[in-house]
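Have a look at the structure below before the remarks.
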């Protein structure tokens, strides 16, 4: 018997990618239902050899029976509808930031902490895109050397702001007068150190997500993260310059060995052959790529690396579908 | 009596900018001579109300009398010709990396260490573009709090690779099939963590310049710098995500005060009004802009900031002309 799966926010950039990934990974779906706001309800969506009609999202339909409901329609939609669905006995995998830091809600990157899903029913949170790819690379190293501190600067693609942002960059690249609709400044041939809203402490919410979500996923509140998140004129895949101080001394050869054996990680690190990951090369992959692995010149316990992953796939849709797969395995 | 000034490599991106800056800053030039290789010799260049003919660079002409010779023609040209010019009694201000780390050669950012020019004659080195803007922001803070460690990630403009790279990005933005001539990977809608050649320790030469040039300019070999340098699809101005650990505890209000009084620095830091520097806004300025100043969440002695400057101006041409001005003041 196949699964009954619902996708909420199916017409957005991540929602579309979720449908693509569900299809690619051959999830055994008996019935797919897709939901959106009144603006998109009635639209037709192709899934496998079917045409599925977008249904209007209401509190009532969330009480129907689903094996899995994948949400990607923003925090306020998840706040309103996910608890109703969960109360009706449905398992919700939520891509918004709404429930991530709520105690008792699992925040899951399957390669890292699938074990927290055991015996759990209800809302499961999909982490922030920048956090996911960083912890995929950090988790196996944390296990071996113990992380003390991380200093990360991101190079984030516009697709993280949804389809409108892709259109904005496309148009601005061709037209010097195309306005800034999504971003506060022009994004073409520019970079903007501002993702999500600013907090009083001077960090953005995106930067704080990388701090607290990392601690929650790695189950260690002593890990110190300092983050600067920056939007750059790239369509797909986020890149991260990650500096890590460990409690023990890592050696580059061993680090490469550990990462190359880690699930979901591909080590691409032959600088002499110009082999290191870039967003254009990583886009459309489900893996997290790591390159530029090198020891700090001064601190024997510190390491730098360059981490790239497709933000719509591993950073969102693929991770959500992997959570579904992990739950199926645990059944 | 005005100055006799020569510009070597006058037809390159930085050389042209040097002429522009010499004109803008009203340097009292009696005679301007411009030099280039056989490929460009004979070309005409406009300077103020004159038309100047590009002369062929030879060892002989370097022995002529100049008050200042500004070099921007690459390391090998500086290696060959600068010592001849200096031996003939000329003052050389060299933008290449050739002489920067040579003992006895001053490496100068005038706002920071103009004092080393006192009584000096010969070759003076202009630092690396990424280093210049970082030390302009760091020097006043180093004086007050003492820097222990810096972790920096850069977002560098293509103009740092010369005029050909500007053409490459322009064309790639319009044409998906335009080849990679300057860069090892496509730069449009991508970012490349690779500037200058790789060293055996896994760092690039550009990254190592930021380490050792910073120590030399700040006259403190104990300062630890960890750098990751990345090319992004921006035409003008480099941006830097700078994390600093100090020996003493900085307070954000005092840091803003110190930086706003520091020469060559403009503090642009009102995130609630979307005020922080971006490359497009800073391009064409001679100042170094600092924003996103905030305390680390965990280490009371650590601070993050975002530093942006025009790489062809403060990062190259303007700094060279400011060295000339500093020498004139010391006369």
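Here, each number is a calculation from the coordinates, and none is a lab measurement. Please read all numbers here as calculations on a predicted model, not as lab measurements. Counting neighbours? That spans all protein chains shown, and the Cβs are built from the backbone with ideal geometry, glycine included.
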| task | Please report A:238, A:115, B:194, A:163 as a ranked list, fewest other C-beta atoms within 10 angstrom at the top and most at the bottom. | result | A:115, A:163, B:194, A:238
| task | Return one number: the angle in degrees, 0 to 90 and rounded to the nearest 10, between the long axis of the Cα atoms of helix A:129-145 and the longest principal axis of the Cα atoms of chain A. | result | 50
| said: Relative contact order of chain A, please, whole-number percent, based on alpha carbon pairs below 8 angstrom and at least 6 residues apart. | reply: 18
| task | Would you mind calculating the gained length between residue A:88 and residue A:3 on full extension (0.36 nm times residue separation, minus the Cα-Cα distance), in nm to one decimal? | result | 28.9 nm
| task | Give me a single rounded figure for B:298-308: the average over its residues of other chain Cβ atoms within 10 Å of their Cβ. | result | 3
| note | If labels are modelled 7 Å from Cα along the Cβ direction, residue A:164 lies from its partners in the other copies at nm distances, smallest first, of 4.2
| note | Bridge orientation stat for chain B from DSSP, antiparallel percent rounded to 5, came to 50
| Taking each residue of A:194-201 in turn, how many C-beta atoms of other protein chains fall within 10 Å of its C-beta, and what is the average? | 3
| message | Can you tell me the orientation of helix B:75-87 relative to chain B, as the angle in degrees between its alpha-carbon axis and the longest Cα principal axis, to the nearest 10? | response | 60
| Simple label model, 7 Å out from Cα along Cβ direction - residue A:197 to residue B:201, nm | 4.5
| query | Once all Cα-Cα distances of chain A are split into 10 Å bins that start at 0, what whole-number percent is in each one? | reply | 6, 26, 34, 24, 9, 1, 0
| request: Quickly work out the residue B:64-to-residue B:299 label distance, labels modelled 7 Å from Cα along the C-beta direction, and quote it in nm with one decimal. | output: 5.3
| said: Sequence gap at least 6, Cα distance under 8 Å: using those rules, report the relative contact order of the range A:244-328 to the nearest whole percent. | reply: 28
| field | DSSP bridge orientation in the protein assembly as shown - percent antiparallel, rounded to nearest 5 | value | 50
| task | Go ahead and set up a Gaussian network model of chain B, Cα springs under 10 Å, then flag whichever of B:198, B:235, B:66 fluctuates most. | result | B:198
| Antiparallel %, DSSP beta bridges [both residues in the range B:130-311], to 5 | 75
| query | Averaged across the residues of A:243-251, what count of C-beta atoms belonging to other chains lies within 10 Å of each residue's C-beta? | reply | 1
| Where does the protein assembly as shown land on the Kirkwood hydrodynamic radius, alpha-carbon pairs, in angstrom? | 26.4
| message | Only Cα pairs within less than 10 Å get springs; with that Gaussian network setup on chain A, which residue of A:280, A:141, A:312 has the largest fluctuation? | response | A:280
| task | Between the label point of residue A:60 and that of the same position in each other copy, find the distances and list them shortest first in nm, with every label point placed 7 Å from Cα along the Cα-to-C-beta direction. | result | 9.6
| In a Debye calculation with equal point scatterers on the alpha-carbon sites of the range B:130-311 and no solvent, what is log10 I(q)/I(0) at q = 0.18 Å⁻¹? | -1.17
| message | Pairs of alpha-carbon atoms within less than 8 angstrom and 6+ residues apart define the contacts here; what relative contact order does the range B:130-311 have, in percent? | response | 29
| remark: In degrees, nearest 10, the alpha-carbon axis of helix A:252-261 is tilted away from the dominant principal axis of the alpha carbons of chain A by 20
| task | Can you list the distances in nanometres, one decimal and ascending, from the residue A:215 label point to the identical position in each other copy, with the point 7 Å along Cα to Cβ? | result | 3.5
| note | Fewest to most Cβ atoms within 10 Å: A:200, A:286 sort as A:200, A:286
| If you take the beta carbon distance between residue B:120 and residue A:215 as r and set R0 to 60 Å, what does 1/(1 + (r/R0)^6) give as a FRET efficiency, to the nearest 0.05? | 0.70
| task | Over all alpha-carbon pairs of the range B:79-123, lay out the pair-distance distribution in 10 Å bins, whole %, shortest bin first. | result | 27, 60, 13
| query | Can you tell which of A:239, A:159, A:260 shows the greatest fluctuation in a Gaussian network model of chain A with Cα springs below 10 Å? | reply | A:260
| Any idea how far apart residue B:103 and residue B:177 come out in nm if each label point goes 7 Å out from Cα toward Cβ? | 5.8
| field | Structure-based [θ]222 nm, the protein assembly as shown - -39500 (n - 2.57) summed over DSSP H runs of at least 4, per residue, nearest 500 | value | -9000 deg cm²/dmol
